[in-house]
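Single-structure report; data block below.
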Amino acid sequence: MKTIELIIDGKVDNYELPTDWKEVSISQYSKLLKVLDNEDMNEIETIIRTLEALIGIESRVLTKAPLKYLKDVYSELSVLTSNQPGNTLKKVIEIDDIEYGIIPDFDDLTLGEFADLDNYLQEPFDNLDKIFAVLYRPVIERKGDKYLIEDYTLKDIKDRRELFSNRLSIDTVNGAMVFFYDIGNKLIESMVSYLEMQNQELRKAI
């Protein structure tokens, strides 16, 4: 983190600006992605919304700061954006001494897991916390690299979403997203092929 100064309403305040993706939470990253995906924003709006996402200052407050200072702070983000979040898949992550493991075998994905993930992926920027809360669940048994995780239920996902949203950095779990998109596309292709075969069999029967 880098401490930066902003003058707002004539008062100097210090804020923390992330300089590494390890310092950017899932919640912050979700907000940042929505900013970057909005092509209708002009330069000033992009600066304000980006700083709002990464520093946590509301845009209505930022609009009171001199533009020169906002541009100076925005330029500091080049330290962060010069690299991409990590793409290494971490199968097990730990928060407060509790291990959370990614779904060990996507061939065993249940219909409920698939349906919810497919639904969340319709708006991925808004649902990163939900996606990771489905993918990662508490480890209940582990032997070396092998592990079992809790069964998927909607009952437990809310608390895990809130925990992941604020306590997980995007650098920690971005590799899981890259991995899942690849696996998810293959699963969708397999399901489409299966349904097509079923339709053909049905037509033959008729």
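The values are calculated or read from the model by the stated rules, or taken from the named source; none is laboratory data. As the structure is a computational prediction, the values presented were derived from the model and not from experiment. Don't worry about glycine lacking a Cβ; one is built from the backbone with ideal geometry, like all the others, and counts go over all protein chains shown. Only protein heavy atoms, including side chains, enter the accessible area calculation; ligands, DNA and RNA are left aside. Shrake-Rupley method; radii C 1.70, N 1.55, O 1.52, S 1.80 Å.
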message: If the only charges are +1 at each Lys and Arg Cβ and -1 at each Asp and Glu Cβ, what is the size of the charge dipole of the stretch 88-139 around the Cα centre, to the nearest 20 debye?
response: 100 debye
- prompt: Given a cut-off of 21 Å, what percent of all Cα-Cα pairs of the stretch 1-89 lie beyond it?
  reply: 27 percent
field: Derived scalar couplings ³J(HN,Hα) [the stretch 74-91; Karplus, 6.51 cos²θ - 1.76 cosθ + 1.60; whole Hz; x for Gly, Pro]
entry: 4, 5, 5, 5, 4, 5, 6, 7, 5, 10, 9, x, x, 10, 6, 6, 9, 6
- request: Using only Cα atoms, tell me the angle between helix 111-120 and the longest principal axis of the chain; keep it within 0 to 90° and round to the nearest 10.
  value: 30 degrees
- line: Hydrodynamic calc, the stretch 54-150: Kirkwood Rh from Cα pairs, then Stokes-Einstein at 10 °C with viscosity 1.306 mPa s, so D in µm² s⁻¹ is 94 µm²/s
statement: Computed for the chain: size of charge dipole around the Cα centre, +1 on C-beta of each Lys and Arg, -1 on C-beta of each Asp and Glu, debye to nearest 20, value 100 debye
message: Given the DSSP H assignment, sum -39500 (n - 2.57) over each helix run of at least 4 residues in the chain and divide by its residue total; what's the result at 222 nm in deg cm²/dmol, nearest 500?
response: -16500 deg cm²/dmol
message: Could you tell me which residue out of THR153, SER25, ILE55 lies farthest along the dipole of the chain toward its positive end? Charges go on the beta carbon: Lys and Arg +1, Asp and Glu -1, centred on the Cα centre.
response: ILE55
statement: Ranked output for segments 13-21, 79-87 by mean other Cβ atoms within 10 Å, highest leading, reads 13-21, 79-87
- request: Once you've got the Cα coordinates, tell me which of LYS2/LYS130; LYS34/LYS68; LYS2/LYS71; LYS130/LYS155; LYS31/LYS68; LYS91/LYS130 are over 19 Å apart.
  value: LYS2/LYS130; LYS34/LYS68; LYS31/LYS68
- prompt: Which whole-number value in Å² is the accessible area per residue of the chain, probe 1.4 Å?
  reply: 61 Å²
field: Portion, in percent, of the accessible area of the chain that falls on carbon or sulfur, probe 1.4 Å
entry: 48 percent
Solvent-accessible surface (1.4 angstrom probe) belonging to TYR152, in square angstrom, nearest 10: 40 Å²
- request: Return the Rg/Rh value of the stretch 96-151, two decimal places, where both radii are evaluated on C-alpha atoms and Rh is the Kirkwood radius.
  value: 1.01
- prompt: Over the Cα atoms of the chain, how large are the radius of gyration and the largest Cα-Cα distance (Dmax), in Å?
  reply: 21.0, 78
- request: Arrange the residues MET41, MET1 by how much accessible surface each exposes, largest first, with a 1.4 angstrom probe.
  value: MET1, MET41
